[in-house]
Structure formats: C-alpha cells, structure tokens
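Here the structure comes first, spelled out in structure tokens, and everything after it is commentary.
Read the figures in this text as sums done on the coordinates, not as results from a lab. These figures come from a predicted structure and were not determined experimentally. Every residue, glycine among them, receives a Cβ derived from its backbone with ideal geometry; neighbour counts consider all protein chains shown.
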Amino acid sequence: MRRLLPDVEPTSADEAYADLGLAERAEDLTRPYVVANMIATADGHAALDGRTRELSSAADRRLFHALREQVDAVMAGTATIAIEPYGPLVRDEDQRQRRIARGLAPVPLAVTGSRSLELPVEAPLFDDPQSTIVVLAGQGGEPPEVRANLIVERVPRPDAQILDLLAGLELLRERHGVRTLLLEGGPTLLGAMLDIGLVDELFLTLAPLLIGGGPEPAIIEGPPLPEPVRMRLLSLLTEEDYLFARYAVGG
C-alpha cells in the first residue's frame with residue numbers, strides 16, 4: 001500500500017488508519033461523530049450482483065476492519081444487514097484486544113433502523129448472543145425473539161412516515177455512550193443521513209472496475225439532496241489500482 005496524500009510514502013492498512021482521532025472530534029457534539037464507509041466502481045455503482053463484496057479487495061477489507069476497530073458503534077440499514085449478510089462485527093481476538101487498548105468495548109454496538117420492526121432476523125448478527133443491537137424504530141411493531149441482545153429506541157417523526165435520525169443519534173450518545181459511529185450503508189440510509197447533515201466524514205473506496213448500466217445502485221439513493229454537499233480530501237491511499245479516499249463532509 002502507498003500513501004499519495006498528504007505525503008507520498010509506503011504504508012500499510014494498520015499504519016494508515018492507526019489513529020484517526022475520531023473520538024476527539026465528537027467532544028463538542030450532542031450526537032456521535034459519524035463516518036461513512038462505502039465502495040464504488042469507477043462508473044459509480046455501489047454493488048455487483050447486489051453485493052459490495054464483489055467489488056472489494058484484500059486491502060479494502062483490511063481498511064474496513066481497521067475502521068471498525070476505532071468506533072463505538074456500527075450502523076447499517078436492514079437491507080444491507082440481510083444482503084451482505086452481517087454477522088458478529090468483530091470476530092478476531094487481536095482486533096478485540098486492540099479495541100480494548102483504545103478504551104473501547106471489545107465489540108462495537110450494532111445499530112439499525114426500522115419503522116415497523118421488521119428485521120432481517122435470519123442474518124447471523126441476530127443469532128449471536130454476544131452482540132448488542134440497538135434498533136431505531138417507529139411506534140409500530142413488536143421486537144422479534146432473537147438470541148442477540150435487542151434494544152428498541154422509539155424515534156418516530158410526528159408524521160410517523162420516517163424515523164427521526166437526529167433524535168436517534170442523540171439517544172445513542174446519551175443512553176449508550178456512543179461517541180463515534182461508523183455508517184456502512186446502504187445507499188438509501190446514507191442519502192437520508194446526508195440529507196439532514198449527519199455525516200462528518202466519508203471513506204470511499206474506488207474500485208478499478210466498469211460494469212455499465214443495470215440495476216446496481218449508486219452509493220447514494222433516494223430523493224436528490226437539497227443541494228450538493230462539498231467535501232474536502234484528507235488522505236488518499238492506493239494498492240493494486242484501488243484508491244482509498246478519506247473526505248471531510250460539508251463544513
């Protein structure tokens with residue numbers, strides 16, 4: 001792996017993401033500091049055959065796990081949890097020990113959102129008794145029986161059609177001590193979070209692939225954003241023709 005920005009020099013996934021300083025950036029916030037991690041082809045698609053894994057590389061997966069080592073919680077939409085499919089968020093014992101050394105819990109909190117509490121309970125994550133999952137939910141529905149520790153936080157908007165994501169993130173900070181949150185998609189959830197200014201950084205992997213037209217989504221789906229969101233490039237890495245960019249989002 002090679003760093004291209006801010007300095008040109010050889011590096012590794014462990015060195016490049018050794019200390020991102022995410023928790024320090026959360027000090028003046030009432031919600032967690034949110035970083036999103038996405039992958040896209042060179043022509044803008046966020047999946048191949050419905051999954052991100054077909055776009056990924058060994059280096060991308062190393063950086064993916066390095067990000068998980070540095071946050072209090074990992075958030076993904078229910079469709080992403082089902083399609084990927086999600087299991088325990090940190091399985092490797094060395095990674096758990098590095099989290100403990102950073103003052104974090106051995107395993108990050110899992111977070112998702114569902115107005116109706118219709119959850120992808122067939123995903124291995126929900127069958128893991130060592131995982132705790134917080135569901136930001138609407139007023140309807142009852143939580144299913146699962147082996148994971150399931151916590152429901154009701155955060156409906158007044159019209160009950162969508163969730164109050166800001167209120168949900170503030171509850172994560174207040175009740176669950178979440179200072180840093182890694183958003184892993186999917187594209188609709190990322191679009192909703194960007195729409196109300198809840199994404200602070202974007203880690204974007206650009207895969208050296210072209211797949212053309214078809215049904216595969218972009219990294220952001222849903223209604224157009226109110227206005228284009230400006231980003232500032234913080235760092236850039238490369239390995240095997242992949243590019244790994246870190247952006248500050250918005251102001």
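Key figures
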| quantity | calculated |
| --- | --- |
| Degrees between helix 165-176 axis and first principal axis of the chain (Cα, 0 to 90, nearest 10) | 80 degrees |
| Tilt relative to the chain, helix 58-68 - C-alpha long axis, 0 to 90 degrees, to 10 | 50 degrees |
| Charge dipole magnitude, Cβ of K and R +1, D and E -1 - region 1-61, Cα centre, debye nearest 20 | 240 debye |
| Among 61-73, 162-174, the order from most to least packed when residues are scored by Cβ within 10 Å on average | 61-73, 162-174 |
| Packing-based order for 1-8, 143-150, 35-42, 103-110, using average beta carbon neighbours within 10 Å, highest first | 35-42, 103-110, 143-150, 1-8 |
| Electrostatic dipole magnitude of the chain [Cβ: Lys, Arg +1; Asp, Glu -1; Cα centre; debye, to 20] | 380 debye |
| Positive minus negative residues near residue 63 (Lys, Arg vs Asp, Glu; Cβ under 13 Å) | -2 |
| Segment residue 24-residue 174, extension gain: residue separation times 0.36 nm, minus the distance between their alpha carbons | 52.3 nm |
| Positive minus negative residues near residue 120 (Lys, Arg vs Asp, Glu; Cβ under 12 Å) | -4 |
| Given charges at beta-carbon only (K, R positive; D, E negative), |dipole| of region 54-179 in Debye | 500 debye |
| Calculated from backbone phi, Karplus (6.51, -1.76, 1.60) coupling profile of region 150-157 in Hz, x at Gly/Pro | 9, 10, 9, 10, 7, 9, x, 6 |
| Farthest toward positive dipole pole in the chain [+1 Lys/Arg, -1 Asp/Glu at C-beta], among 22, 77, 40 | 22 |
| Reciprocal mean inverse distance between Cα atoms of region 159-250 - Kirkwood radius, Å | 15.3 Å |
| Segment residue 92-residue 145, extension gain: residue separation times 0.36 nm, minus the distance between their alpha carbons | 16.4 nm |
| Estimated FRET transfer efficiency (residue 15, residue 105; beta-carbon r; R0 22 Å; 0.05) | 0.35 |
| Residue among 63, 249, 120 farthest towards the positive dipole end of the chain, charges placed on Cβ | 249 |
| Net +/- balance of residues flanking residue 188 in space, Cβ distance below 11 Å, scoring K and R +1, D and E -1 | -2 |
